[in-house]
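The values are calculated or read from the model by the stated rules, or taken from the named source; none is laboratory data. Keep in mind that this is a model prediction, so the values were computed, not measured. In this analysis, Cβ positions are derived from the backbone assuming ideal geometry, glycine residues included, and neighbour counts consider all displayed protein chains.
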């Protein structure tokens, strides 16, 4: 399993993904689930993938080679808009299903893939999408400024309570890392290291791309201080008055 989260803020995008893949309890591997396409000054697009590793890698490879949509072969470096990029990713997912879906079903393996796609193309706004296994997709909005794929339930409560579209991107980074830490603590199928990408609106280049390991001082501080803050918070809440 995996956990990926993307925040679409007024300041830009914050994208975080873990790197653990499992093929059984004794076969744990590390693979980056973050795929970046960048042409500085012209476009930045990043994909975070969850699901069957063979399926997600096939989708990514197709997108590099080119996918035919409406009789035109395009890649993420040629599409004119982020909406078209989301359509292209959806088309790649459907193409992989046409090739591999029947064989997977014969082996009782589900066609499991979901992708977050975020970025900006020159002259267009920054956008963030979630593409499903059917190839359809939804978009993050100021009212719902984050999207998640994979094992999302443990990291969602903090985002539901705290993420706001107009918050500073630095605060978005903190919340995304707290959300990831909550998932790491509660689900062994999600694991370090984590990949972090920060994109500031209209810069058209990656602002920060960082691999965070167990020995990362800032992430260790986040883990320790968030745990301490939670313990302090519940202790300050008055006991129920109806206890007698």
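Here are the numbers for the structure shown:
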| item | result |
| --- | --- |
| Residue identified as part of a loop (DSSP other than H, G, I, E, B), more than 17 Å from the chain's Cα centre (by Cα) and surrounded by fewer than 18 Cβ atoms within 10 Å (Cβ to Cβ) among 215, 232 | 215 |
| Those strands (runs of 3 or more DSSP E) lying entirely in the range 90-176 with at least 1 residues closer than 22 Å to residue 64 by Cβ and in contact with a helix residue (DSSP H, G or I) (Cβ under 9 Å, 6 or more places away or on another chain) | 113-121, 127-131, 137-139 |
| Condition check for residue 212: over 23 Å from residue 113 (Cα atoms) and at pLDDT 95 or above | yes |
| Test: residue in the range 96-106 that is touching a strand residue (DSSP E or B) at 6+ places or on another chain (Cβ under 7 Å) and surrounded by 17 or more Cβ atoms within 10 Å (Cβ to Cβ) | no |
| Pairs, first in contact (Cβ under 8 Å) with a residue 60 or more places away in the chain and at negative phi in the range 91-110, second surrounded by 10 or more Cβ atoms within 10 Å (Cβ to Cβ) and in a helix (DSSP H, G or I), C-beta under 6 Å, six or more apart | none |
| Complete set of residues in the range 177-208 that are assigned to a loop (DSSP other than H, G, I, E, B) and either closer than 17 Å to residue 30 by Cβ or in contact with a helix residue (DSSP H, G or I) (Cβ under 8 Å, 6 or more places away or on another chain) (or both) | 187, 188, 189, 190, 191, 192, 193 |
| Count of the range 120-136 residues which are surrounded by fewer than 21 Cβ atoms within 10 Å (Cβ to Cβ) and closer than 16 Å to residue 4 by Cα | 2 |
| Number of the condition not met by residue 154 [criteria: (1) farther than 30 Å from residue 88 by Cα; (2) over 15 Å from the mean Cα position of the chain (by Cα)] | (2) |
